[in-house]
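Derivation of every value follows stated rules applied to the coordinates shown; laboratory data play no part. As the structure is a computational prediction, the values presented were derived from the model and not from experiment. Note: ideal-geometry Cβ built from the backbone for every residue, glycine included; neighbour counts use all protein chains shown.
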Amino acid sequence: MLDKLRSFAGFIAFAGLMSIVLNLVGYNLRILMWIDLWGDVVGWLIRVGLLVGGVALFFVLPSEEGAKEQQAPGQ
């Protein structure tokens, strides 16, 4: 379950990064086109928030192997 959450967090970070890069060259991801409805500043804040939030979740959530190692001995 935790690996699925980490994968989703990685996807969020990747989507934020791709949205930033594509916006700089004049394109946008179809799924994230709603970001620009509120203006440029809010759009950039959402993009950066997706990137930072996804990366933070990816590194904060333990992997399945890490979660098993943290269990008390004998369990």
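Numbers at a glance
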{"item": "Helix axis angle, 2-24 relative to the chain longest principal axis, alpha carbon, degrees", "result": "20 degrees"}
{"item": "Nearest 10 degrees, 0 to 90: helix 40-60 Cα axis against the chain principal axis", "result": "10 degrees"}
{"item": "Order of L2, L51 under a 10 Å beta carbon neighbour criterion, fewest first", "result": "L2, L51"}
{"item": "Added length on full extension, which subtracts the Cα-Cα distance from 0.36 nm per residue, I31 to L57", "result": "7.3 nm"}
{"item": "14 Å beta-carbon shell around F14, net charge (K/R +1, D/E -1)", "result": "+2"}
